[in-house]
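Some notes on the structure that comes next.
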Amino acid sequence: MAAADAAVQSTYRGASTRPFVVRNARVILAYAILIVLLLVYWQKAPQFTAREWRSISNQGMTLTIASLGQLLAVATGGIDLSVGSMVALSNCIIASMGDPENPDRSLALGIVAALAAGAFGGFCNGVLIAYGRLQPIIVTLASGYIFAGIALRVQPNPGGSVPFQRADLLTGLQWDKVPRSLFVLIALLVFWALFKRTALCTRIYAIGSNEGAAYMSGIDVVRTKIWTYTLTGFFAALAGVFLTAQTASGDANAGLVYSLNSIAAVVLGGASLAGGVGTFVGAIAGAYTLMLIPSVLFFFDFYKQRPLSQELYKGLILLAAVSAGALGVWRIRNRLERL
Amino acid sequence: MPVLSAERISKRFGGVVALDEASFSCEPGEIHALLGGNGAGKSTMVKILCGVQPADSGTITLAGEPVTFASPRAAIARGVVPVFQELSLVPDLTVAENLFLNREPRRLGFVDRGSMRRETSALLARYGFPAIDPNVVVRDLPLADRQLVEIAKAMSRDPKVLILDEATSALGGREVQHLFDVLRGYRDLGKSIIFISHRMDEVRDFCDRATVFRDGVDVGTIDVDRSESSEIVRMMIGRQLQDVFPPRPARPAAEKPRLSVENLTWAPALQDVSFHLNEGEILGLAGLDGQGQGDLLLSLFGVYAGTSGVVRMDGEQLSLNGPRGVMARKAALIPEDRKTQGLILPLSVRENIALPVLPELSTLSVVRQSVENNVAGNIIRQLSIKTPSMHAVVGRLSGGNQQKVAIGKWLVTKANVYLMYDPTRGIDVGTKQEIYQLMRELATNGASILFFSTDSEEIIGLCDRALVMFEGRVVQELGPDQLDKEHLMAASLGLVAPEAIPA
């Protein structure tokens, strides 16, 4: 079949699919930045062992999972500022439900409760955005405050009970060599490959690309948006599960950074906040780039003297990547449309 | 029995009557053209037929049964499928994904991309567009191919009635001929096509019958083969001019050119446009909708990047690098859409009027309120803008008064050149006459006005000369002795002697 497809392809004149490199320029740029950072890390690190790999892999994983959820909201042309609070809420639910007497059962129940809370919180966001015609940025800013408030009620002080040996199942080393979080990443990639083949995924990108045309093609825009934010909430809660495994405790303030970082990660990975464009593969590179910047900087003297300036470098890299991606705007010949 | 008929359809927009008990019907196996000048009502008729707008009164009958379509989806479900000029494709999806959007073939719950691709190839081949790659993202397709995909998407729904509203505007001659062959085959299966085009030769070549609209009324239905073009033009022209325009003063013996344009090109919308605009002159830009008149005004105001050609104002070159630069040379643009480009609706009348001259009204960046009040008060009096006070929010004024504010804010700049984009569209007759008076006063006081209007009576009644545009070119210049409906309509339809078209 592939051969037949290729034979047909060669007969098309005029516009054909642009070369792979051109189509995926933003994603390739994101991986180029990531690879440079990894090379520097590898050069500078005193010893580079499986443990180093494990710590890098774990550090980026919570953000990667949260970014998958954020990507879906961004692909519809929306945004979800409550992702970080949902990570925190999920983390606090699991830790607070932990029972040292009955660790496995309480952990399983805690995870189920956290994921259900995530999906439900996202569903509420979706209903308000889709039915209420409210702007996503303000709905999720408000619901983010609410989730953060609930997280503080559930777990007023950092702590709770999380069994270490179970946490190790997600964050440890397999065969003493391979970080187990890599398996999580592979599972997410398999999910993404399947999800891309669902009608829901097409609809999400169609709405973000041209909502009017999507509506005129008979797409149920309201339902699609509700599904999208439900999934975003679910993945935020899943990110909270991984964060719990990593920190082995519950902290209502630990998750909050993931709202803005997940937006930065999907944009670094080539997504457009205007909607319709962006991939999970790119978001992975974006997430790990953001997480590696402080680790890499730590090897440099100029940074050690002023360690608080890591945000400065994150900001510079984000701006540089986004600017490179925006160069195409100069090809637009109507100045009104460049605005 | 007709497959689709509209009986005594009426539609008003505010005070403007778009359709007044208009009727027409389309037989099975027929290609039926809707003809008419700008604002004749044919576009409104199409929008009502396919559920984009409701009619105020009248009935639509589909295969003998009265129907009302609440939305385009409802019309499509009943087999009335439109293809509009504004494309309804999703730019970031591929051709195949667009064709099957919301009805994707599934296997095990997942979209079956392979079969979607194959079916798309088969569909495109069957409709005669085998050269379009189903895997290309629509954003990367040239405009003509996008239009073909749009038509293929409509045809793949197997409509009873296919409505093509200017759907061939981006296609070249060979593509159009090819498309017509495909569509004739479709007609021969007993399907009907309603066809709207500004290209008269296409209507002659392709359509069986045509219904002519004028001022919201159907004037008559004709067999295209048995009618002369001149007869059709006469049907489209209609009633005599009313005496609503200010008298035209005699032109001076020696004209002083204020703006001279040589070979201005912004492909494909503008092609080698050359003309002079003289001091104290109202120069009309005529032609059917969307022939580049708006693009000409926007490019002269510096909105388009990458124009070629030379524009001189008062003998000195004018660089078209943005509205600010052009404004500094004393030009003003009254834009197409006063609500989004002309005015800041939530701001007050005073603030809107002061906006283009804020630096002149300010000391150390602080706006001098008393001066601002004076300026705004003067304009409100000069144009008799009906507003409760100068502090009222512009968005709450009537359309005509909003338009007066949109014009008034440029009077403050004391511009020498006014570029006006259909400034009387959608406003009442009384205000229209006031705007005509104002334009003539400006011209008498030495300003030059390049005036695009979709209403041919305004061009004839108000202008000193007119340029007729067709597909991005100036095809004819009409002097005072040629400014009449016959010349204007014939030139607008591209029915001019070939030697009149500049090479």
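Those residues that are at pLDDT below 85 and more than 8 Å from chain A (Cβ to nearest Cβ), I need them from the range B:109-129; list them, please. B:126, B:127, B:128, B:129 - these are the residues of the range B:109-129 that are at pLDDT below 85 and more than 8 Å from chain A (Cβ to nearest Cβ). Screening the candidates B:104, B:65 for the property of being more than 30 Å from residue B:215 (Cβ to Cβ), more than 10 Å from every other protein chain (Cβ to nearest Cβ) and acidic (Asp, Glu) yields one hit, B:65. Assessment of the range B:79-95 against the conditions (within 8 Å of chain A (Cβ to nearest Cβ), assigned to a helix (DSSP H, G or I) and either charged (D, E, K, R) or under 31 Å from the mean Cα position of the chain (by Cα) (or both)) yields no matching residue. Here residue A:137 clears all of (1) under 30 Å from residue A:54 (Cβ atoms); (2) assigned to a helix (DSSP H, G or I) except the condition numbered (1). Residues in the range B:80-102 that are modelled with pLDDT of 85 or more and touching a Gly at 6+ places or on another chain (Cβ under 7 Å): B:92 alone. It is to be established whether one or more residues within the range B:59-69 are among the aliphatic types (A, V, I, L, M) and either outside any strand (DSSP E or B) or not assigned by TED's automatic domain parsing to the domain that holds residue B:216 (or both). Yes, the conditions are met somewhere in the range B:59-69. For residue B:141, the conditions (1) surrounded by fewer than 16 Cβ atoms within 10 Å (Cβ to Cβ); (2) within 14 Å of chain A (Cβ to nearest Cβ) all hold with the exception of (1).
Of all residues in the range B:145-174, those that are surrounded by fewer than 17 Cβ atoms within 10 Å (Cβ to Cβ) and within 14 Å of chain A (Cβ to nearest Cβ) total 3. State yes or no: is residue B:481 at pLDDT 90 or above and either in the same structural domain as residue B:171 (by TED's automatic domain parsing) or acidic (Asp, Glu) (or both)? So residue B:481 fails the test.
Number of residues in the range A:181-218 that are part of a loop (DSSP other than H, G, I, E, B) and either surrounded by fewer than 17 Cβ atoms within 10 Å (Cβ to Cβ) or free of Cβ contacts under 8 Å to residues at least 60 places away in the same chain (or both) equals 5. A count restricted to the range B:299-336 and to residues that are more than 22 Å from the chain's Cα centre (by Cα), part of a helix (DSSP H, G or I) and either surrounded by fewer than 16 Cβ atoms within 10 Å (Cβ to Cβ) or facing chain A (nearest Cβ under 10 Å) (or both) stands at 4.
Are any of the residues in the range A:154-169 among the polar types (S, T, N, Q), in contact with a strand residue (DSSP E or B) (Cβ under 6 Å, 6 or more places away or on another chain), closer than 23 Å to residue A:116 by Cα and not in a helix (DSSP H, G or I)? Yes - at least one qualifying residue is present in the range A:154-169. Scanning the range B:35-58 for residues that are closer than 21 Å to residue B:457 by Cβ and of a type outside the set (Val, Ile, Thr) yields B:35, B:36, B:37, B:38, B:39, B:40, B:41, B:42, B:43.
Would you check if there is a residue in the range B:207-224 being surrounded by fewer than 13 Cβ atoms within 10 Å (Cβ to Cβ) and out of contact with any Phe, Trp or Tyr (no Cβ under 9 Å at 6 or more places or on another chain)? Yes, there is a match, as at least one residue in the range B:207-224 is surrounded by fewer than 13 Cβ atoms within 10 Å (Cβ to Cβ) and out of contact with any Phe, Trp or Tyr (no Cβ under 9 Å at 6 or more places or on another chain).
Consider the range B:381-422 and keep the residues that are of a type in the set (Ser, Thr, Tyr) and within 26 Å of the chain's Cα centre (by Cα). The one that is surrounded by the most Cβ atoms within 10 Å (Cβ to Cβ) is B:421.
Here's the yes/no breakdown for (1) on the phi < 0 side of the Ramachandran plot; (2) outside any loop (DSSP other than H, G, I, E, B); (3) at pLDDT 85 or above; (4) under 26 Å from the mean Cα position of the chain (by Cα):
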{"position": "A:18", "(1), (2), (3), (4)": "yes, no, no, no"}
{"position": "A:21", "(1), (2), (3), (4)": "yes, yes, no, yes"}
{"position": "A:36", "(1), (2), (3), (4)": "yes, yes, yes, yes"}
{"position": "A:40", "(1), (2), (3), (4)": "yes, yes, yes, yes"}
{"position": "A:59", "(1), (2), (3), (4)": "yes, yes, no, yes"}
{"position": "A:64", "(1), (2), (3), (4)": "yes, yes, yes, yes"}
{"position": "A:78", "(1), (2), (3), (4)": "yes, no, yes, yes"}
{"position": "A:84", "(1), (2), (3), (4)": "yes, yes, yes, yes"}
{"position": "A:108", "(1), (2), (3), (4)": "yes, yes, yes, yes"}
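A single entry from B:194, B:132 fulfils the requirement of being more than 11 Å from chain A (Cβ to nearest Cβ) and either surrounded by 21 or more Cβ atoms within 10 Å (Cβ to Cβ) or more than 30 Å from residue B:42 (Cβ to Cβ) (or both): B:194. Of all residues in the range B:107-128, those that are assigned by TED's automatic domain parsing to the domain that holds residue B:148 have Cβ atoms under 6 Å from Cβ atoms of residues that are among the charged types (D, E, K, R) and surrounded by 15 or more Cβ atoms within 10 Å (Cβ to Cβ), 6 or more apart or on another chain, in B:110/A:197; B:111/A:197; B:111/B:104.
The values are calculated or read from the model by the stated rules, or taken from the named source; none is laboratory data. Because the structure is predicted, anything quoted here is derived from the model rather than measured. All Cβ positions, glycine included, derive from the backbone under ideal geometry; neighbour counts span all protein chains shown.
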